[in-house]
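This report concerns only the one structure given below.
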């Protein structure tokens, strides 16, 4: 029997202790999405609804996706799709994933489909993986700011706690950019965690980074893997935005390394939600060479299975290289670039600097001068003001950022929604007196000289 | 932080303690399905493969389902289906589920869509529900034999333990049928659990029963709810076979009661996997009037979401009452009846009695006389012999049955597979000398006089 208790658990109403904890908690991005779902902006049906520039979704490729997903090959149905199957994913789907990741991750040798585990979303993968590699109460290192959902994904079932590696906008000595991760910072966080008596079992990296949009240089990635190996840590690399790279920046997937210091403790996560603009499909996947992890994940996969027809559709999609190379990827990249330009130009018009970055569906924007004081209370006050004005953008607090005043804004929405979002932002900030900041802007801004300005409504 | 440890956890290889437990365990039905997936019988492609009469799936309605699921209305795609949505299920889907369950569960008043939670399969529902209402180490009462997957679903993430209510084939004093559940037996198990220091939080009932195929009389169901109320237990009623009732037997869903003793602790589970012959769709749902449970389940739903297109397809299916009433249900019922007759007639030809029952996709067959001794070792020996002979049927051990020698056989497969299964069973049992049993057959057998024999190959 798993998880025998050794403290006295009491019931809270009709829920268990953990049930009460689960029920009462919620993370900021979750609250934002919930607000939006209850009152979503629609040009005709709900023009006063919430404009959502807070939830990281790609909504600019629906037309080309619909064209592909409604072709006759997608309507095929065979008995196996309606029947129980391998909980870790149908074999033909795992084979196609292995081929796809071999190619797009630039793996030196073919990936093994037996090392692929499919689940209903990357959140399920992180939840299950953290359960099988960590004990309740264990910690994981994570550079902050980071996607705040991770906290819930590693806590609700698994009971883990994050140990932050704080990054700041100020470029430190010997560093070359804002929010730069270094192994020295990892070391410092590791020591701090130890001093607090936390057993640290894993390091989680999101690459391309969310919310920063930065890409980890290959050399830094290698150093992080070496660091993990030194401390016997599992290194989990979430590359869910790996194909949402624009501006011709090169991206190095961990899959491309000829060898890694500790293959048994190196785990790669990807899913089509962001890169294929289909978060509603609920598919995530793990690639790991650790047989024990595979076995344990295969069992937890019972609870996180993908429907047969969805696995089939994605098999068709991933294998259609002609469509991917000639239609989807070029169109998606161009649209991401255009939307990004529109947002950063618009923000510039409002005097809002944006961190230099080259991937993701978002920008990391510096609204510090609009805070009444440089505190998280003031950040939340600004956030509440914006949401009351029917604009949802995600505050830095949602990413456990250590500096108040940063916000993540999504640009992968239709241009009219983006323009409306900017309009609302302009209006709402106008009512907010700008503060004179004592702090100096230290961030590396996007080089605007290279951006052709786009009109703002 | 949830689940803080207070014992020293050690790592086992690269897995956590719980990860190792998860990796090494497996339940018998899981092993059976795994064997089958690796070597499935196919008339042309793999005629020597395993015939699967062990996994409870309805495979006799694929033709009518395919016709419905490939109609043009199913190919519709809208942006919302590819986007994040309410984790507990898209509103329109929950509304349709509420209407459907109101009608087919004969609810006295309309069910509230806000009390519906959708997840990727009933196993996910049971896993999440047991987490939010029970603490690790807590126990739940369950009459045995019962579907063995429940043990894994309540243990892997949640850490619960079953407290059995043993039922036997011998009809006890004052009882009227084999394996009869009574509140006296519930009381006895409750006391035994208490004596063992187990904190019992819930009672789980599967109705129609799996593997027995029996239907709980309305009066017994009410008594069970009263019993649960008396002990402050959550009563979880899994009605996943509620529409797979044949032989004109009437079935009482808990949804049909005007009031229940403790609505806050009464939870109903259903999914289309069995009744709509689509286990591969991975959809399960909870109906509960407990707002706290709803809140907690909504959060865990992150990890168990159904894809937008699947929710849409099922909305179409559940709302097409014309097709349900005039095509699907009558065809399915007739085919279930025909297949059932074929199996029980075939078993009778082999001298194998079958428990009287009226629902489900299976029969509960008495193979006691084919055991070398009346032990579970002998039962497993027979099981291994059958599987070596490429016939998979599920042994009583898989259902924590207290009497060795019972097996569950599925009849909802194509007639050629069913006939081949019977052929293989005949051949394999022929090599097994029958034992003279000291025990008397006490079971209520199916009344064969009413069954028109069907030819056996």
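Read-outs: derived from the displayed coordinates by stated rules, not from any lab. Note that the structure is predicted; figures quoted are calculated from it, not measured. Virtual Cβ from ideal backbone geometry, glycine too; neighbours counted across all protein chains shown.
Based on alpha-carbon atoms, the Kirkwood radius and the radius of gyration of the stretch B:191-247 give Rg/Rh equal to 1.05. Label-point spacing at residue B:108 relative to the other copies reads 7.2 nm, in ascending order, each point sitting 7 Å out from Cα along Cα→Cβ.
Taking the inverse of the mean reciprocal distance over all distinct Cα pairs, the Kirkwood hydrodynamic radius of the stretch B:285-352 comes to 16.0 Å. At an R0 of 22 angstrom, the distance between the Cβ atoms of residue B:222 and residue B:177 translates into a FRET efficiency of 0.75. Averaging 1/r over every pair of different alpha carbons in the stretch B:244-366 and inverting the result gives a Kirkwood radius of 17.5 Å. Ellipsoid fit via the Cα gyration tensor, the stretch A:336-420: semi-axes of 21, 14, 11 Å, each the root of five times an eigenvalue, largest first.
Treating each Cα of the stretch B:286-443 as an identical point scatterer and summing with the Debye formula, the log10 of I(q)/I(0) at q = 0.15, 0.20 Å⁻¹ comes to -0.89, -1.19. Rounded to two decimals, what ratio of Rg to Rh does chain B give with C-alpha atoms and a Kirkwood Rh? With Rg and the Kirkwood Rh in hand, the quotient comes to 0.95. Taken along the Cα-to-beta-carbon direction at a fixed 7 Å, the label points for residue B:388 and residue A:230 span 5.6 nm. So what is the diffusion coefficient of the stretch A:83-170 in µm² per second by Stokes-Einstein at 37 °C and 0.692 mPa s, using a Kirkwood Rh over Cα pairs? Answer, rounded: 216 µm²/s. Counting only DSSP beta bridges with both residues in chain B, the antiparallel share comes to about 50 percent. Volume per residue of the convex hull around the Cα atoms, evaluated for the stretch A:76-322, comes out as 125 Å³. The gain in end-to-end length when the residue B:250 to residue B:426 segment is fully stretched comes to 60.0 nm, 0.36 nm per residue minus the alpha carbon separation.
For the pair residue B:414 and residue B:114, a Förster radius of 45 Å applied to the C-beta separation gives a FRET efficiency near 0.60, rounded to the nearest 0.05. Calculated [222 nm] ellipticity per residue, helices only, for chain B: -11000 deg cm²/dmol; basis is -39500 (n - 2.57) per DSSP H run with n ≥ 4, divided by all residues, nearest 500. Across the copies of the chain, residue A:217 has label points (7 Å from Cα along Cα→Cβ) spaced 8.0 nm apart, shortest distance listed first. Considering the protein assembly as shown at the alpha-carbon level, its Rg and Dmax are found to be 28.7, 96 Å. Computing FRET efficiency as 1/(1 + (r/R0)^6) for residue A:320 and residue A:187, where r is the C-beta to C-beta distance and R0 is 60 Å, gives about 0.85.
Here residue B:248 yields copy-to-copy label distances, from shortest upward, of 8.0 nm, the label point defined as 7 Å from Cα along Cα to C-beta.
The slack in the chain from residue A:337 to residue A:380, taken as 0.36 nm per residue of separation less the alpha-carbon distance, amounts to 12.5 nm. Working from label points 7 Å from Cα in the Cα-to-Cβ sense, the residue B:259 to residue B:402 distance is 3.6 nm.
Where the centre of each part is set by its Cα atoms, how far does the stretch A:107-185 sit from the stretch A:39-96, in angstrom? Between the Cα centre of the stretch A:107-185 and that of the stretch A:39-96, the gap is 26 Å. Each listed q (0.11, 0.13 Å⁻¹) maps to a log10 I(q)/I(0) for the stretch A:1-149, found by the Debye formula over equal Cα scatterers with no solvent: -0.83, -1.12. With viscosity set to 1.306 mPa s and temperature to 10 °C, compute the Stokes-Einstein D of the stretch B:104-226, Rh being the Kirkwood radius across alpha carbon pairs; µm²/s, no decimals. Estimated diffusion coefficient is 100 µm²/s. Each residue, residue B:196 and residue B:31, gets one label point 7 Å from its Cα in the Cβ direction; the gap between the two is 2.1 nm.
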